[in-house]
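Worksheet: the structure to be examined is printed underneath.
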Amino acid sequence: MKLHQNYQAIIHLAQNLIKCQVKKGRIFLSSEEYLIGDFIFNKLNGIGEYYRNDGSIYRGSFFDGLPQGNGEEIYDNEALFKGFYLAGKKKHGKFMWKDGNYYLGDFSDDLFHGFGIYSWGENRIYEGNWKLGKMEGKGKLKLKDGSYYDGEFKEGKKWGKGIYVWNKDKYYDGNWKNDKQNGFGVYCKNGKKI
(Lines give C-alpha, C1' and ligand atoms only; values in the text may rest on other atoms or scores of the structure.)
Protein backbone atom coordinates (compact mmCIF):
# COMPACT_ATOMS: atom_id res chain seq x y z
CA MET A 1 0.00 0.00 0.00
CA LYS A 2 2.85 2.38 0.86
CA LEU A 3 4.45 1.77 -2.59
CA HIS A 4 1.14 2.67 -4.31
CA GLN A 5 0.92 5.90 -2.28
CA ASN A 6 4.49 6.81 -3.26
CA TYR A 7 3.66 6.37 -6.96
CA GLN A 8 0.57 8.56 -6.57
CA ALA A 9 2.65 11.22 -4.84
CA ILE A 10 5.26 11.16 -7.65
CA ILE A 11 2.56 11.40 -10.33
CA HIS A 12 0.90 14.30 -8.45
CA LEU A 13 4.25 16.11 -8.15
CA ALA A 14 5.02 15.62 -11.85
CA GLN A 15 1.58 16.95 -12.84
CA ASN A 16 2.06 20.04 -10.69
CA LEU A 17 5.55 20.66 -12.12
CA ILE A 18 4.16 20.49 -15.65
CA LYS A 19 1.31 22.86 -14.75
CA CYS A 20 3.85 25.33 -13.40
CA GLN A 21 5.87 25.13 -16.61
CA VAL A 22 2.98 25.41 -19.13
CA LYS A 23 2.86 28.90 -20.56
CA LYS A 24 0.65 30.20 -23.33
CA GLY A 25 2.20 32.70 -25.62
CA ARG A 26 4.47 33.53 -28.51
CA ILE A 27 8.19 32.92 -28.87
CA PHE A 28 10.15 34.77 -31.55
CA LEU A 29 12.94 32.82 -33.24
CA SER A 30 13.82 35.82 -35.43
CA SER A 31 12.08 39.04 -36.45
CA GLU A 32 9.90 37.14 -38.96
CA GLU A 33 9.82 33.63 -37.47
CA TYR A 34 7.78 32.75 -34.38
CA LEU A 35 5.73 30.09 -32.57
CA ILE A 36 2.32 30.46 -30.91
CA GLY A 37 0.77 28.00 -28.47
CA ASP A 38 1.36 26.18 -25.19
CA PHE A 39 4.98 25.90 -24.11
CA ILE A 40 6.41 23.42 -21.63
CA PHE A 41 9.99 24.21 -20.63
CA ASN A 42 10.07 26.70 -23.57
CA LYS A 43 9.15 24.03 -26.14
CA LEU A 44 5.85 24.07 -28.02
CA ASN A 45 3.58 21.15 -26.99
CA GLY A 46 -0.05 20.53 -27.93
CA ILE A 47 -1.81 22.59 -30.58
CA GLY A 48 0.14 25.50 -31.99
CA GLU A 49 1.34 27.50 -34.97
CA TYR A 50 4.76 28.02 -36.53
CA TYR A 51 5.22 31.07 -38.75
CA ARG A 52 8.42 30.66 -40.79
CA ASN A 53 10.53 33.41 -42.34
CA ASP A 54 9.95 31.91 -45.83
CA GLY A 55 6.24 32.80 -45.51
CA SER A 56 5.00 29.28 -44.81
CA ILE A 57 2.79 28.48 -41.81
CA TYR A 58 2.39 25.18 -39.94
CA ARG A 59 -0.74 24.69 -37.83
CA GLY A 60 -1.32 21.56 -35.79
CA SER A 61 0.04 19.31 -33.09
CA PHE A 62 3.48 19.70 -31.55
CA PHE A 63 5.50 17.53 -29.22
CA ASP A 64 8.73 18.69 -27.63
CA GLY A 65 8.97 21.64 -30.02
CA LEU A 66 8.44 19.68 -33.27
CA PRO A 67 5.36 19.03 -35.43
CA GLN A 68 3.98 15.66 -34.29
CA GLY A 69 0.57 14.23 -35.16
CA ASN A 70 -2.00 15.89 -37.42
CA GLY A 71 -1.24 19.24 -38.97
CA GLU A 72 -1.18 21.36 -42.10
CA GLU A 73 1.35 23.58 -43.84
CA ILE A 74 0.40 26.50 -46.03
CA TYR A 75 3.13 27.71 -48.37
CA ASP A 76 3.79 31.14 -49.86
CA ASN A 77 3.08 29.77 -53.37
CA GLU A 78 -0.41 28.72 -52.16
CA ALA A 79 0.50 25.02 -51.96
CA LEU A 80 -0.98 23.12 -49.02
CA PHE A 81 -0.05 19.95 -47.15
CA LYS A 82 -2.46 18.23 -44.76
CA GLY A 83 -1.39 15.11 -42.96
CA PHE A 84 0.52 13.37 -40.22
CA TYR A 85 3.94 14.40 -38.91
CA LEU A 86 6.48 12.46 -36.88
CA ALA A 87 9.45 14.18 -35.21
CA GLY A 88 8.98 17.29 -37.35
CA LYS A 89 8.80 15.48 -40.73
CA LYS A 90 5.87 14.66 -43.02
CA LYS A 91 4.95 10.94 -42.81
CA HIS A 92 1.63 10.60 -44.65
CA GLY A 93 -0.82 13.02 -46.20
CA LYS A 94 -1.96 15.05 -49.17
CA PHE A 95 0.15 17.77 -50.81
CA MET A 96 -1.89 20.05 -53.10
CA TRP A 97 -0.77 22.77 -55.51
CA LYS A 98 -2.96 25.63 -56.73
CA ASP A 99 -2.87 24.31 -60.33
CA GLY A 100 -4.83 21.19 -59.24
CA ASN A 101 -1.89 18.79 -59.05
CA TYR A 102 -1.66 16.70 -55.88
CA TYR A 103 0.24 13.88 -54.18
CA LEU A 104 -1.46 11.59 -51.67
CA GLY A 105 0.69 9.07 -49.86
CA ASP A 106 3.73 8.31 -47.75
CA PHE A 107 6.75 10.53 -47.07
CA SER A 108 10.27 10.11 -45.73
CA ASP A 109 12.44 13.14 -44.91
CA ASP A 110 9.67 15.29 -46.45
CA LEU A 111 10.04 13.51 -49.84
CA PHE A 112 7.50 11.24 -51.57
CA HIS A 113 8.58 7.81 -50.38
CA GLY A 114 6.62 4.56 -50.09
CA PHE A 115 3.21 4.14 -51.72
CA GLY A 116 1.52 7.18 -53.24
CA ILE A 117 -0.70 8.66 -55.92
CA TYR A 118 0.37 11.71 -57.94
CA SER A 119 -2.13 13.49 -60.17
CA TRP A 120 -1.18 16.06 -62.80
CA GLY A 121 -4.68 17.52 -63.01
CA GLU A 122 -6.68 15.77 -65.72
CA ASN A 123 -3.63 14.92 -67.86
CA ARG A 124 -2.16 11.89 -66.09
CA ILE A 125 -2.06 10.02 -62.80
CA TYR A 126 0.55 7.72 -61.28
CA GLU A 127 -0.29 5.18 -58.59
CA GLY A 128 2.55 3.15 -57.14
CA ASN A 129 5.82 3.17 -55.26
CA TRP A 130 8.13 6.14 -54.70
CA LYS A 131 11.70 6.43 -53.52
CA LEU A 132 13.20 9.72 -52.37
CA GLY A 133 10.78 11.82 -54.43
CA LYS A 134 10.82 9.75 -57.64
CA MET A 135 8.66 6.97 -59.08
CA GLU A 136 10.52 3.77 -58.20
CA GLY A 137 9.43 0.13 -58.20
CA LYS A 138 5.99 -1.11 -59.31
CA GLY A 139 3.45 1.43 -60.52
CA LYS A 140 0.81 2.40 -63.06
CA LEU A 141 0.85 5.62 -65.09
CA LYS A 142 -2.46 6.50 -66.80
CA LEU A 143 -2.71 9.23 -69.44
CA LYS A 144 -5.64 11.47 -70.44
CA ASP A 145 -6.12 9.67 -73.79
CA GLY A 146 -6.76 6.35 -71.99
CA SER A 147 -3.33 4.84 -72.66
CA TYR A 148 -1.32 3.56 -69.71
CA TYR A 149 1.92 1.95 -68.60
CA ASP A 150 1.81 -0.73 -65.90
CA GLY A 151 5.18 -1.97 -64.72
CA GLU A 152 8.47 -1.08 -63.13
CA PHE A 153 10.01 2.36 -62.69
CA LYS A 154 13.49 3.52 -61.78
CA GLU A 155 14.44 7.11 -60.91
CA GLY A 156 11.12 8.38 -62.29
CA LYS A 157 11.35 6.54 -65.63
CA LYS A 158 9.89 3.37 -67.15
CA TRP A 159 12.64 0.85 -66.44
CA GLY A 160 12.41 -2.95 -66.17
CA LYS A 161 9.43 -5.15 -67.06
CA GLY A 162 6.21 -3.42 -68.11
CA ILE A 163 3.33 -3.16 -70.53
CA TYR A 164 2.30 -0.01 -72.39
CA VAL A 165 -1.27 -0.12 -73.74
CA TRP A 166 -2.33 2.49 -76.32
CA ASN A 167 -5.76 0.88 -76.80
CA LYS A 168 -7.27 -2.64 -76.79
CA ASP A 169 -5.66 -3.40 -80.19
CA LYS A 170 -2.20 -1.96 -79.64
CA TYR A 171 0.31 -2.65 -76.87
CA TYR A 172 3.95 -3.39 -76.07
CA ASP A 173 4.77 -5.89 -73.32
CA GLY A 174 8.44 -6.25 -72.48
CA ASN A 175 11.58 -4.65 -71.15
CA TRP A 176 12.15 -0.92 -70.72
CA LYS A 177 15.19 1.22 -70.00
CA ASN A 178 15.33 4.98 -69.51
CA ASP A 179 11.68 5.43 -70.67
CA LYS A 180 12.28 3.49 -73.93
CA GLN A 181 11.47 -0.03 -75.11
CA ASN A 182 14.68 -1.98 -74.66
CA GLY A 183 15.57 -5.64 -75.08
CA PHE A 184 13.04 -8.47 -75.27
CA GLY A 185 9.38 -7.60 -75.75
CA VAL A 186 6.23 -8.25 -77.72
CA TYR A 187 4.55 -5.57 -79.79
CA CYS A 188 0.95 -6.25 -80.81
CA LYS A 189 -1.15 -4.23 -83.26
CA ASN A 190 -4.65 -5.18 -84.46
CA GLY A 191 -4.31 -8.59 -82.82
CA LYS A 192 -1.04 -9.41 -84.62
CA LYS A 193 2.30 -9.75 -82.84
CA ILE A 194 5.01 -7.86 -84.64
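The values are calculated or read from the model by the stated rules, or taken from the named source; none is laboratory data. Computed from a predicted model, the values in this text were never measured in an experiment. For neighbour counting, all protein chains shown are included, and Cβ atoms are generated from backbone atoms with ideal geometry for every residue, glycine included. Heads up: the accessible areas ignore ligands, DNA and RNA and are worked out on the full protein's heavy atoms, side chains in. Shrake-Rupley method; radii C 1.70, N 1.55, O 1.52, S 1.80 Å.
Name the residue farthest towards the positive end of the dipole of the chain from the options 53, 117, 87, assuming +1 on Cβ of Lys and Arg, -1 on Cβ of Asp and Glu, about the Cα centre.
117
For the stretch 67-163, report the translational diffusion coefficient in µm²/s to the nearest whole number, using Stokes-Einstein at 10 °C, 1.306 mPa s, and a Kirkwood Rh over Cα pairs. Walk me through the numbers before you get to the answer.
On the way: Rh = 13.9 Å.
The calculation lands on 114 µm²/s.
Which residues among the stretch 32-58 fall inside the zone where the amide N is under 14 Å from a point 7 Å beyond the Cα of residue 23, along Cα→Cβ?
Under 14 Å, as judged by backbone N against the label point of residue 23, lie 35-45 of the stretch 32-58.
Straight-line reach from residue 154: which aspartates and glutamates have Cα under 12 Å away, leaving out those fewer than 8 places along the same chain?
The reachable aspartates and glutamates, counting only those whose Cα sits under 12 Å from residue 154, are 136, 179.
Can you give the three extents of the C-alpha atoms in the chain along their principal axes, from longest to shortest, in whole Å?
Principal extents (Cα only, largest first): 84, 49, 23 Å.
What does the charge count around residue 62 come to, taking other residues whose C-beta lies under 12 Å from its C-beta (Lys +1, Arg +1, Asp -1, Glu -1)?
Values: positive: 43, 59; negative: 38, 49, 64.
In short, -1.
So what's the net charge close to residue 188: Lys and Arg +1, Asp and Glu -1, counting the other residues with Cβ under 11 Å from its Cβ?
+3
Just round it to a whole percent: the fraction of Cα-Cα distances in the stretch 32-87 exceeding 13 Å.
Within the stretch 32-87, distances greater than 13 Å cover 56 percent of Cα pairs.
If you fit an axis through the alpha-carbon atoms of helix 2-21 and take the longest principal axis of the Cα set of the chain, what angle between them do you get, 0 to 90°, nearest 10?
Helix 2-21 and the main axis of the chain meet at about 80 degrees.
Pull up the cross-link candidates among the lysines for residue 90, meaning alpha carbon to alpha carbon under 21 Å and not fewer than 8 places away within one chain.
The qualifying lysines are 43, 82, 98, 131, 134.
Express in whole angstrom the spacing between the alpha-carbon centres of the stretch 28-43 and the stretch 101-165.
39
May I ask you to order 176-187, 151-162 by the average number of other C-beta atoms within 10 Å around their residues, highest value first?
Those peptides, ordered most packed to least, come out 151-162, 176-187.
Out of the total accessible area of the chain (probe 1.4 Å, heavy atoms of protein only), what percent is carbon and sulfur?
54
Given +1 on the Cβ of Lys and Arg, -1 on the Cβ of Asp and Glu, and no further charges, what dipole in debye does the chain carry about its Cα centre, rounded to the nearest 20? Can you show the working numbers first?
On the way: 32 positive and 24 negative charges, 165 e Å.
For this selection, approximately 800 debye.
Add +1 for every Lys or Arg and -1 for every Asp or Glu among the other residues with Cβ under 12 Å from the Cβ of residue 155, and state the total. Write out the running numbers ahead of the final one.
Details: positive: 131, 134, 154, 157, 158, 177; negative: 136, 152, 179.
So the environment of residue 155 carries a net charge of +3.
Separation between the residue 163 and residue 80 pseudo-spin-labels, each 7 Å from Cα along Cα→Cβ, expressed in nm?
3.9
Counting heavy atoms of the protein chains only and a 1.4 Å probe, report the per residue accessible area for the stretch 133-194 as a whole number of Å².
65
Non-local amide H neighbours of residue 131 (under 5 Å, H modeled in plane, Pro and chain starts lacking H): which ones?
Hits under the 5 Å cutoff: 114, 136.
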